[in-house]
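This report refers to the structure that appears directly beneath it.
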Amino acid sequence: MSGWVSPERVLREHFPPGASAVPLKGDASTRRFFRIQIPNSPPGILMLYPEAFAWEGSALEGNHRHLEAVGVPVPKIERVFPEAGAVFLEDLGDTTLQMALDQNPSFDRTVLYQEAIRIIAILQERGTRELPAGAVARQSALDGAKFLWELEHFYEHFILGYRQAHPAGEEELLFSSFFGWLAASLDSAPRALCHRDFQSRNLMLTSAGLRVIDYQDARMGPASYDLASLLRDSSLDLAESFREEGIRYFLSRRRDLPPEEFREEFGRQALQRNIKDLGTFGRQVHLLGNEGYRQYIPRTLRMVREAMLRDQRYHTVFPLFEKYVFTPADE
């Protein structure tokens with residue numbers, strides 16, 4: 001079987017009469033999501049892939065089993081229908097951490113972010129220590145090659161695509177040199193298990209605390225990666241002092257990490273991650289017409305600009321970013 005299977009077909013073949021599907025907003029992937037209402041039973045979330053898949057040995061199966069085993073609060077997987085490209089998940093509600101903080105400023109951000117950072121520590125310590133040698137998450141990494149690809153993706157989809165800019169040959173070479181240096185500088189960082197997209201839109205706020213979603217691409221990467229994703233999140237405004245508190249709390253949980261070396265790595269990793277995000281947003285808006293991603297661009301631009309201004313190593317490439325990335329200003 002290939003191609004999309006309709007949610008109605010999945011309901012008809014695998015659920016009791018009277019079950020219904022309500023479409024939910026998806027993410028930047030090709031997956032589709034539906035809330036399934038079942039008579040006399042709790043609702044659940046149906047996640048549909050474009051094609052049938054093999055469940056045993058898949059990234060989602062392996063990562064879910066491992067994260068659940070080490071204590072990362074992921075949703076339960078209720079049933080799997082590989083021939084339909086469908087997974088039926090526990091329904092965690094609709095309130096992401098991003099939504100909760102946007103809608104209710106009275107929430108204690110410190111408490112919620114410390115909870116999130118404790119989850120990162122579980123991933124990095126027990127999650128890394130107990131990760132089987134043959135696990136899918138060990139077969140790929142957030143490494144120099146991956147980081148370089150993401151930076152080149154940014155150049156293609158944000159500078160050339162979204163900005164419609166055309167840097168001159170020598171300017172293109174300077175961009176390329178900067179990308180190569182930044183990617184290589186992160187390649188040698190000691191690696192731990194990373195969620196890969198540990199941001200407020202992938203943390204669900206429930207009555208039982210924070211729950212983690214979108215973990216199917218978990219892989220090895222720098223210890224700073226998930227923390228950078230959380231504290232330099234394109235979805236939320238966080239004060240620099242709050243970010244510093246988060247780094248201090250993380251280091252109190254990871255006492256084996258040299259603080260100054262970690263802070264320096266964090267700065268480079270956060271910058272790479274934010275530039276990568278701009279590439280994603282540029283592609284979604286310019287190429288795919290998903291205007292919802294435009295709202296994240298101004299905040300991400302500010303974070304990249306502020307990071308470059310704080311560190312003199314970026315002063316050579318900063319004029320290029322000022323010319324082709326930061327201007328014209330996004331509203």
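The values are calculated or read from the model by the stated rules, or taken from the named source; none is laboratory data. All figures in this text were calculated on a predicted structure; none of them were measured in a lab. Ideal geometry is used to build each Cβ from the backbone, glycine not excepted, and the neighbour counts take in all protein chains shown.
Specify the residue that is nearest to F175 (Cα to Cα); the eligible residues are those in segment 131-151 that are charged (D, E, K, R) and out of contact with any helix residue (DSSP H, G or I) (no Cβ under 6 Å at 6 or more places or on another chain). It would help to see each step written out before you state the result.
Taking segment 131-151 and keeping what is charged (D, E, K, R), we get 138, 143, 146, 150.
If we keep only those that are out of contact with any helix residue (DSSP H, G or I) (no Cβ under 6 Å at 6 or more places or on another chain) as well, we get 138, 146.
Details: R138: 31, K146: 17 Å.
Step by step, filter segment 131-151, then rank; the result is K146.
Would you be able to say whether some residue in segment 9-21 is in a strand (DSSP E or B), outside the structural domain of L203 (by TED's automatic domain parsing), touching a residue at least 12 places away in the same chain (Cβ under 8 Å) and under 30 Å from R294 (Cβ atoms)?
Filtering segment 9-21 for residues in a strand (DSSP E or B) gives 20-21.
Applying the additional criterion that residues be outside the structural domain of L203 (by TED's automatic domain parsing) yields 20-21.
Add one more test, that the residue is touching a residue at least 12 places away in the same chain (Cβ under 8 Å), and what stays is 20-21.
Narrowing further to those that are under 30 Å from R294 (Cβ atoms): 21.
Yes, some residue in segment 9-21 is in a strand (DSSP E or B), outside the structural domain of L203 (by TED's automatic domain parsing), touching a residue at least 12 places away in the same chain (Cβ under 8 Å) and under 30 Å from R294 (Cβ atoms).
Yes or no: segment 49-56 includes at least one residue that is in a strand (DSSP E or B) and in contact (Cβ under 8 Å) with a residue 12 or more places away in the chain. Break it down into steps so the answer makes sense when it comes.
Residues of segment 49-56 in a strand (DSSP E or B): none.
Taking every residue of segment 49-56 in turn, none turns out to be in a strand (DSSP E or B) and in contact (Cβ under 8 Å) with a residue 12 or more places away in the chain.
Taking the options P222, P298, P258, name whichever one is touching a Pro at 6+ places or on another chain (Cβ under 9 Å) and not small (G, A, S). Give the steps one after another, and end with the answer.
Numbers: P298 fails: touching a Pro at 6+ places or on another chain (Cβ under 9 Å); P258 fails: touching a Pro at 6+ places or on another chain (Cβ under 9 Å).
Just a single option satisfies the conditions, and that option is P222.
Among the residues of segment 271-298 satisfying the criterion of being touching a Ser or Thr at 6+ places or on another chain (Cβ under 6 Å) and touching a residue at least 60 places away in the same chain (Cβ under 8 Å), which is farthest from I159 (Cα to Cα)?
Out of the qualifying residues, it is Y296.
Does any residue in segment 204-218 that is under 14 Å from A100 (Cβ atoms) come within less than 8 Å, Cβ to Cβ, of a residue that is among the charged types (D, E, K, R) six or more places away or on a different chain, and which pairs are these?
M204/R211; G209/E115; L210/E115
Need a quick list: helices (runs of 4 or more DSSP H) entirely within segment 108-200 having at least 3 residues that are surrounded by 19 or more Cβ atoms within 10 Å (Cβ to Cβ).
Per the criteria, 109-124, 144-154, 169-187.
Restricting to segment 145-190, name every residue that is within 22 Å of I120 (Cα to Cα) and modelled with pLDDT of 95 or more. If you could, list the steps in order and put the result at the bottom.
Just the residues of segment 145-190 that are within 22 Å of I120 (Cα to Cα), to begin with: 146-147, 186-190.
K146, F147, L186, D187 - these are the residues of segment 145-190 that are within 22 Å of I120 (Cα to Cα) and modelled with pLDDT of 95 or more.
Any residue in segment 67-79 that is at positive phi and in contact (Cβ under 8 Å) with a residue 12 or more places away in the chain sitting within a Cβ distance under 7 Å of a residue that is β-branched (V, I, T) and in a helix (DSSP H, G or I)? List the pairs, counting only those 6 or more apart or interchain.
Hits for this filter: G71/I122.
Being over 30 Å from R254 (Cα atoms), in contact with a Leu (Cβ under 7 Å, 6 or more places away or on another chain) and surrounded by fewer than 16 Cβ atoms within 10 Å (Cβ to Cβ) is the filter here; which residues of segment 78-107 pass it?
Matches in segment 78-107: E78 only.
Being assigned to a helix (DSSP H, G or I) and closer than 25 Å to S177 by Cβ: is that true of F326 here? Explain how you work it out, then say what you get.
Working: assigned to a helix (DSSP H, G or I): no; closer than 25 Å to S177 by Cβ: yes.
So F326 does not fit the description; no.
Take the conditions touching a Phe, Trp or Tyr at 6+ places or on another chain (Cβ under 7 Å) and assigned to a helix (DSSP H, G or I) and apply them to G292. Does it pass?
Values: touching a Phe, Trp or Tyr at 6+ places or on another chain (Cβ under 7 Å): no; assigned to a helix (DSSP H, G or I): yes.
In short, no.
Can R109 be described as more than 18 Å from the chain's Cα centre (by Cα) and within 18 Å of E68 (Cβ to Cβ)? I'd like the intermediate steps shown before the answer.
On the way: more than 18 Å from the chain's Cα centre (by Cα): yes; within 18 Å of E68 (Cβ to Cβ): no.
Criteria not met by R109.
Could you grab me the full set of residues in segment 234-247 that are surrounded by 12 or more Cβ atoms within 10 Å (Cβ to Cβ) and in a helix (DSSP H, G or I)?
Filtering segment 234-247 for residues surrounded by 12 or more Cβ atoms within 10 Å (Cβ to Cβ) gives 234-236, 238, 242-247.
Within segment 234-247, F242, R243, E244, E245, G246, I247 meet the criteria.
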